[in-house]
Amino acid sequence: MKRCMFADFTFKIPFEERIRLIKENGFDGVMLGFSDGLKYTQYDIVRNFGLEIENVHSQFDRMNALWTICPESEYILQRTLECVRVCGENGIKTMICHPTDGLVPPEVSRFGIENFAKIIQCGEENGVDIVFENIQLPQFLDVLFDQFGSLDNVKFCYDTGHENCFSKNTDCLTKFGSKLACLHIHDNDGNTDGHMIPFDGNLNFEKFLRKLKNLDHQPPLSLELYMSKSTMYRNAAPDSFVRRAAEAAKQLEKLYNSI
């Protein structure tokens, strides 16, 4: 299986240095963010290192504005549409999109459905799959997949850590597995969204990998890690962090193959 890592695991070192570390530690590709400073230039940098771009993650703060009419609604919509278009212009087929933001759910609304319809339509026009991720409120996946799940460019990203700390009693991987396009693999303590290196927390990765293996499609093993979200890595150097991440990715692959 291919192994990928999120490029924005830290901002302590420049983007190009992060990509170099990911490449040198044996990863096959990267997941990218869509930050203002890099959203137009990061693609050539990655490809010049010989890495694949697994997907781009659209900006996810204030996404509830897509459901509730407010002064920011149009800005958040246009920001997301821009990410879709830039993905298309750079030959990236997959864009991750959060359905909501935070623990307080917005009301499901016709306004929200229409906004997500615009995002999905923009994806179709630009050859980009819109991939919805399980976050704090996985019930919004039901809303979106009930409405749009029959469309070919609407897919699912399964996040291991989010389910472990936000929705332990759900099984999004099995429920939406037929639409699975991407993985966000990380660990935590079951209470906070620590985005830790696999096997540093309490997540049952064997259980996850068994479910994954039962599906018809297995995407790359992609680690979405942040050095800043857990005190465990407070004094870690970026190079040692990526090295440990690479070891964990290999351990995941070995465990998957043994099942």
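Only the coordinates and a few stated rules stand behind these numbers; no lab work does. Just so we're clear, the structure is a prediction, and the values are computed from it rather than from any experiment. Here Cβ is always computed from backbone atoms with ideal geometry, including for glycine, and neighbour counts include all displayed protein chains.
Here are a few things to note about the model shown:
- If the condition is being hydroxyl-bearing (Ser, Thr, Tyr) and free of Cβ contacts under 8 Å to residues at least 40 places away in the same chain, then region 98-151 contributes only Ser150.
- Looking only at residues of region 178-224 that are crowded, with 18+ Cβ neighbours inside 10 Å and farther than 21 Å from Ala248 by Cα, we find that the one that is farthest from the chain's Cα centre (by Cα) is Lys179.
Matching residues to (1) touching a strand residue (DSSP E or B) at 6+ places or on another chain (Cβ under 7 Å); (2) under 23 Å from Glu54 (Cα atoms):
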position	(1), (2)
His98	yes, yes
Pro105	no, no
Ile113	no, no
Gly127	no, yes
Ile130	yes, yes
Val143	no, no
Gly149	no, yes
Cys157	yes, yes
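- Flag for Thr94 being under 17 Å from the mean Cα position of the chain (by Cα), in contact (Cβ under 8 Å) with a residue 40 or more places away in the chain and closer than 14 Å to Phe34 by Cβ: yes
- Sole exception among (1) in contact (Cβ under 8 Å) with a residue 60 or more places away in the chain; (2) touching a helix residue (DSSP H, G or I) at 6+ places or on another chain (Cβ under 9 Å); (3) surrounded by fewer than 18 Cβ atoms within 10 Å (Cβ to Cβ); (4) not aliphatic (A, V, I, L, M) for Lys2, by number: (2)
- Note on region 28-79: residues that are of a type in the set (Ser, Thr, Tyr), over 15 Å from the mean Cα position of the chain (by Cα) and under 16 Å from Phe116 (Cα atoms) amount to 3.
- Candidate set from region 12-27 (those that are within 19 Å of the chain's Cα centre (by Cα) and free of Cβ contacts under 8 Å to residues at least 60 places away in the same chain); member that is farthest from Glu247 (Cα to Cα): Phe15
- Inside region 35-57, residues that are assigned to a loop (DSSP other than H, G, I, E, B) and touching a Gly at 6+ places or on another chain (Cβ under 9 Å) make up a count of 2.
- Pairs with Cβ under 7 Å, 6+ apart, first in region 213-228 and closer than 14 Å to Ala7 by Cα, second crowded, with 23+ Cβ neighbours inside 10 Å and of a type in the set (D, E, K, R): Ser222/Glu54
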